[in-house]
Amino acid sequence: MLATIIPLLCLGLIIWILGTVLSSIRGRKKESGTVWPPYPVIDATEEEMQRRHLECRDRLSRAAYGEAAARSLWQKLMTCESGSGLIHEFHRDYCGHGLIRTGNAVTLRKIYDGGYSTGDPMAEWQTEADFVAFFSRQSDFSCSGFDPQEPVFLTDDRWSQNNQRLTLGVIRKFVKD
């Protein structure tokens, strides 16, 4: 008789454990759901969006990159193959600004599709001296597109301003790698 009861109790226990595990998995799926976007949506007014945009602008560093950073950047770019260089975003569509080596020159371009496509050159430097002179005076603010004193980067398009632009952090990471 025990030979029949014990296996039935074990089978019942196994079924109960399996049921508990499956119901907890189903419960998690119901809890998580597929909520998109995964952050709270803010129904901000145009004035609020403009205020936030300007707040981000005001947080940008205005400290010049300096000659050492600019020279290190040129030297690192000269080690890249022609057609490649500083591309800091690798995803679909617009990837911001990048510096591409073209022979013995460097061009500033808009990057698309992780570097598989680039826009026309926005600026070009044929010599290290010209490149260093230009980039040593730049800052995160001037590269962001907000600075009217820097026409190479300047834009009135709010979407483009500070959108995946060159920064000192991006430059340092590229030079270090």
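The values are calculated or read from the model by the stated rules, or taken from the named source; none is laboratory data. No experiment lies behind these values; they were computed from the predicted model shown. All Cβ positions, glycine included, derive from the backbone under ideal geometry; neighbour counts span all protein chains shown. What goes into the accessible areas is simple: the full protein's heavy atoms, side chains included, and nothing from ligands, DNA or RNA. Shrake-Rupley method; radii C 1.70, N 1.55, O 1.52, S 1.80 Å.
Return the residues of region 97-114 that are open to solvent by 20 Å² or more (accessible area, probe 1.4 Å) and within 17 Å of the chain's Cα centre (by Cα); say none if nothing qualifies.
Answer for region 97-114, where residues must be open to solvent by 20 Å² or more (accessible area, probe 1.4 Å) and within 17 Å of the chain's Cα centre (by Cα): 109, 110, 112, 113.
Would region 115-124 turn up any residue that is farther than 25 Å from residue 49 by Cα, within 18 Å of the chain's Cα centre (by Cα) and loosely packed, with under 14 Cβ neighbours inside 10 Å?
First, pick out the residues of region 115-124 that are farther than 25 Å from residue 49 by Cα: 115-124.
Those left that are additionally within 18 Å of the chain's Cα centre (by Cα): 115-118.
With the extra rule that they be loosely packed, with under 14 Cβ neighbours inside 10 Å, the set shrinks to 116-117.
Yes, region 115-124 contains a residue that is farther than 25 Å from residue 49 by Cα, within 18 Å of the chain's Cα centre (by Cα) and loosely packed, with under 14 Cβ neighbours inside 10 Å.
Tell me, which helices (runs of 4 or more DSSP H) lie completely within region 1-90 with 2 or more residues that are more than 24 Å from the chain's Cα centre (by Cα), without any contact (Cβ under 8 Å) to a residue 12 or more places away in the chain and loosely packed, with under 10 Cβ neighbours inside 10 Å?
Numbers: elements: 2-32, 46-59, 67-77.
By residue number, 2-32, 46-59.
Output the residues belonging to region 125-156 that are open to solvent by 70 Å² or more (accessible area, probe 1.4 Å), of a type in the set (Asp, Glu) and outside any helix (DSSP H, G or I).
Scanning region 125-156 gives a single hit, 156.
Which of the residues belonging to region 91-124 are outside any strand (DSSP E or B) and within 23 Å of residue 66 (Cα to Cα)?
Taking region 91-124 and keeping what is outside any strand (DSSP E or B), we get 91-93, 103-104, 113-116, 119-122.
Across region 91-124, the qualifying residues are 104, 122.
Go through (1) of a type outside the set (Val, Ile, Thr); (2) open to solvent by less than 60 Å² (accessible area, probe 1.4 Å); (3) in contact with a His (Cβ under 7 Å, 6 or more places away or on another chain) one by one and return the number of the condition residue 94 breaks.
(3)
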